[in-house]
1. Residues of A:107-116, mean number of Cβ from any other protein chain within 10 Å of their own Cβ, rounded to a whole number?
2. Evaluate peptide B:57-63: per residue, the Cβ atoms of other protein chains within 10 Å of its Cβ; return the mean as an integer.
3. Between segment B:110-126 and segment B:58-80, what is the C-alpha centre distance in whole Å?
4. How big, on average over all directions, is the shadow cast by the Cα convex hull of the protein assembly as shown, in nm²?
5. How big is the shadow of the Cα convex hull of segment B:50-140, averaged over all directions, in nm²?
6. Ignore the peptide's own chain and count Cβ atoms of other chains within 10 Å of each Cβ in A:73-82; give me the average, rounded.
7. For chain A, calculate the relative contact order in percent as a whole number, restricting contacts to Cα pairs under 8 Å that are 6 or more residues apart.
8. Can you give me the C-alpha center-to-center distance between segment A:87-136 and segment B:86-104, rounded to a whole angstrom?
């Protein structure tokens, strides 16, 4: 097989590390969709996102009409003095939007950032929490 | 006649197997695998190399960086544990163990290596070994 064919098959078999956000944005620069886990416990929903390289102050979490939007901006200033010699991944901002149902107590949403991982805790409204029904 | 798609699949599988054998580190004289994860970006800053890797959710104590001669080894693991009694709605992140060895164009001064891990970003500064630096020759 020629080198060209090999290159194509190799690219096809490689899963993208980051997927680019296809929508329109007003800020210049590439946007990526952060890898996200959503898990549910009895009391809350936990949304966990990988947003490496984003500082706490550059994260914007907005809740509007049950839409929860996370916008994380990368600070490119440390890269300005660096001259790239070998690159394997692209650097860009992160954005993702979720629709939150009414069972979430939107006033008590909690966010935490550790080691490039953003954790959002969305507590369920008391009426949506599971109850054990006792038989009388 | 074979359906075209299955023929391609067979060829692709063969190609992958060959790639794996060739690039899997088996034929290299190193003790650790070259690997492809984590992806790294390498920059140059006033003659030194700066290696940057995105490693969100990896704890500092689980990261292991070794430098020897002209090779850098990045090893570590990321564990994701949500505890018991949970149900998953979406799983895109995974627990991984990684081990990658990179060969650099020159020897590294191992005493001067600086590694910093912040906000899920690993930054390793590597300066060229004094013994490996080119010498300016003055014409007499």
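1. Values: counts 0, 0, 0, 0, 0, 0, 2, 5, 12, 11.
Mean number of neighbouring Cβ atoms from other chains: 3.
2. The per-residue average across the peptide is 2.
3. A separation of 11 Å, based on Cα centres.
4. 25.1
5. Quarter of the Cα hull surface area: 8.0 nm².
6. That average works out to 2.
7. Details: 192 pairs, mean separation 33.7, N = 136.
In percent, rounded to a whole number, it is 25.
8. 21
Every number here is computed from the coordinates shown, using simple stated rules; none is lab data. It should be emphasised that the depicted structure is a prediction, and the values quoted were computed from it without experimental measurement. Counting neighbours? That spans all protein chains shown, and the Cβs are built from the backbone with ideal geometry, glycine included.
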